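Please treat every number below as a calculation from the coordinates, not as lab data. Given the structure is predicted, the values throughout are model-derived calculations rather than measurements. Here the Cβ is made from the backbone with ideal geometry for all residues, glycine too, and neighbour counts use every protein chain on show.
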Amino acid sequence: MRRFVYSAIAAAALMLAVMVEAPAAQGSQLISVKPQHLVLRAAFGTSVVGSITITNTSTGTLSVRLNASPPDNIDIAIEGSTCTIASDNVLANGASCTVLVRYTGFEFLGPRSTATLLVTARDPQTGELLESDVVKITGKSP
């Protein structure tokens, strides 16, 4: 009898875990990140700026955090950005923020540089991770 009770409890816990994860698996989206791949082109010795927009598409408030480890010639969240890097950006439902990215073409770094920007959305009350997205950033020089 005990084995059955433990099995039933384990099965119920597994079902609960699957139910909690189901919205992400079904493709529900709490944040919209556009573009998913930012390509910036600049001649050697020049710079160009592009933008990434993050929108809260959920029905509640989210805490959005950005993390990146770019190379020396890609600057993320430069002056003028409304999202900050490595700190919480609280977005109400429907609100957006913009990340400005600068690519500078340096001949000694070669014609191509890449970086990734990790965008995570958390419940601002509990800190629970709700969603994460990765944006690829590519800088190209002729």
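A few remarks follow.
- Modelled FRET efficiency - R0 25 Å, T116 with T53, Cβ distances, 0.05 increments: 0.90
- In nm, spacing of pseudo-spin labels at N67 and A43 (7 Å Cα→C-beta vector): 3.9 nm
- In the range 29-140, Cα pairs under 8 Å separated by at least six residues give a relative contact order of 35 percent.
- Gain on full stretching of the segment that runs from T98 to K136 - 0.36 nm per residue minus C-alpha separation: 12.1 nm
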